[in-house]
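Right, one structure below, let's go through it.
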Amino acid sequence: MRPLLILSVIAVCSAASIYAQPAAPRVPTEPLPPILLPWEADVHTKEVDNLPYPAHRVVGNVYYVGTAGYASFLITSDQGHILINPNFDDSVPLVQKNVEQLGFRFQDIKIILISHAHGDHCAGTARAKEFTGAQVMVMDRDVEVMENGGPKGTRVAFPPVKVGRILHDMDEVSLGGNRLVAHLTPGHTKGNTTYTMQAQEGGKSYNVVILGSAGVNDAHQLFDNKAYPDMLPDFVRTFELLKSLPCDIFLASHGKFYGLAGKYAKLGKAGPNPFIDPAGYRAHVTLMEQALYYKMDWVKRGN
């Protein structure tokens, strides 16, 4: 197998400066080996992915409250809770049931965050806001989509919602002693966001990374994309940032990205917390970066 293409990226001094100038990836001169993502071999439909899934504690005060395929996370405190990803509109009752089965009140959610403005993660935001009165916070580059509700008359349209706070790269979201950092990790959407925080368990502190998505849905959109001309350089910068993040607990917008089913099956059994998986995080970022390079090469070769 040929070594993967190494991209030249301008050196930077801080995470903020990563987004100051566009990166310029080199096009491979020889074909790259195909990359098959593990979940691409499975058939995923909303009917399957939106089925109920057991709520559970991940680490410290971080809980999984999502469905079988669409990940939602609850970060709790005595002063109220933070919900990441209400998912589809009809996912919201499932998320609410999971929150309440854990012993928390859905109405105590004070902040709603999204990983990115795709309907499977954000379409239920308006409904969740109505139920809870929570403040909706969204990365600046996804605000327009959230407030317009997506392209009208299409299957990806969803109820618009007023954003209460516009987030920017490296902004902090704080509530009840919890401090999340919102990292702009664009490409999958313009405002795709990865959240990091510290969680405590057993007298130890863990770096939690909640990844938005680093996947390319349509490889042809990497080039000549009038709606998003910077998609490819954004992806390149995103991978540079993701590789720099310290990670002990790897979570993401889809459970399949971080091996939810296998890790959940190990909960309550002997051994360490199965969600402590720094190697899994590094492997996922590497795999997704390889997939980007392969898809870029595949399109450039006329596919």
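Among Phe104, Phe250, the order by Cβ neighbours within 10 angstrom, fewest to most, reads Phe104, Phe250. When the chymotrypsin sites (Phe, Trp or Tyr not before Pro) in region 132-228 are filtered for DSSP coil states and for at most 14 other beta-carbon atoms within 10 Å of their beta-carbon, the remaining sites are Phe223.
If the limit is 21 Å between Cα atoms, which of Lys190/Lys295; Lys226/Lys300; Lys110/Lys243; Lys110/Lys256 go over it? Over 21 Å apart, Cα to Cα: Lys110/Lys243; Lys110/Lys256. Remark: region 223-235, residue by residue, has Karplus-estimated 3J(HN,Hα) of 10, 6, 9, 5, 6, 8, x, 9, 4, 5, x, 5, 4 Hz, where x stands for each Gly or Pro and the curve is 6.51 cos²θ - 1.76 cosθ + 1.60 at θ = phi - 60°. Most tightly packed first, judged by the mean number of other beta-carbon atoms within 10 Å of their residues, the peptides 196-202, 74-80, 125-131, 64-70 read 64-70, 125-131, 74-80, 196-202. The mean sequence distance of close C-alpha pairs (under 8 Å, at least 6 residues apart), as a share of the length of region 40-300, puts its relative contact order at 14 percent.
Read-outs: derived from the displayed coordinates by stated rules, not from any lab. Please read all numbers here as calculations on a predicted model, not as lab measurements. Cβ atoms come from the backbone with ideal geometry, glycine included; neighbour counts cover every protein chain shown.
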